[in-house]
1. Ala76 versus Arg108, label points 7 Å from Cα toward the beta carbon: distance in nm?
2. What part of the accessible area of the chain, given as a whole %, is carbon or sulfur when the probe is 1.4 angstrom?
3. Which whole-number percentage describes the relative contact order of the chain, with Cα contacts under 8 Å and a sequence gap of 6 or more?
4. Taking a spot 7 Å from the Cα of Thr87 along the direction of its beta carbon, which residues of the range 21-48 have an amide N less than 11 Å from it?
5. Roughly what % of Cα-Cα distances in the chain sit above 20 Å, to the whole percent?
6. Give me the net charge of Asn49's neighbourhood, meaning all other residues with Cβ under 12 Å from the Cβ of Asn49; Lys, Arg count +1, Asp, Glu -1.
7. Hey, rough spin-label estimate for Asp65 and Val48, points 7 angstrom out along Cα→Cβ, what's it come to in nanometres?
8. What does a probe at Ala99 reach in the range 45-71, counting residues whose amide N is under 18 Å from the point 7 Å along Cα→Cβ?
Amino acid sequence: MALVGDGFLVMWHDITPEMQGEYTEWHTREHMPERLSIPGFLVGKRLVNHDRDHYRFGTIYTGRDVEVFRSPAYLARLNDPTPWSNTLQPAFRNFLRVACERVASAGRGDGGAAATTRLSFAEGAGEAA
């Protein structure tokens, strides 16, 4: 998938089964529009893999650059959640949020699939790892 912008923010997580319907409504009606109203946020995509037991849900936001995800406008929203967001937060499990710089992108249009790899290095592995 060709990414627009030089930065992207990816989140992987699970949602408790009883809150999955509410999560979908919240994510569509409030969360995605709110985040995309932040200056520098360009595109948002929700991902789901129903075949997974762990890290089933994901979101990717592309941004002008990685600094967008440290901006005062983003941090203000992150640190002052809406009442609906506060209702949903206890349903999140295994939450992982990572801001990244795009180093390459290929293709045209939007793809229908995404692959990610999470690497864990041994403690003390150093810069070379």
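1. The modelled label-to-label distance comes out at 4.0 nm.
2. Details: 4280 of 8280 Å².
Whole-percent figure for carbon plus sulfur exposure: 52.
3. On the way: 187 pairs, mean separation 55.3, N = 129.
The value is 43 percent.
4. From the range 21-48, the list is 22-23, 25-26.
5. Numbers: 4133 of 8256 pairs.
When all Cα pairs of the chain are counted, 50 percent exceed 20 Å.
6. Details: positive: Arg46, Arg52, Arg56; negative: Asp14, Asp51, Asp53.
Spelling it out: positives minus negatives among the neighbours equals 0.
7. Label at Asp65, label at Val48, 3.6 nm between them.
8. 45, 59-71
The values are calculated or read from the model by the stated rules, or taken from the named source; none is laboratory data. In this text, all values refer to a predicted model and were calculated from it rather than measured experimentally. Here Cβ is always computed from backbone atoms with ideal geometry, including for glycine, and neighbour counts include all displayed protein chains. The area values use the complete protein model at the heavy-atom level, side chains included, leaving out ligands, DNA and RNA. Shrake-Rupley method; radii C 1.70, N 1.55, O 1.52, S 1.80 Å.
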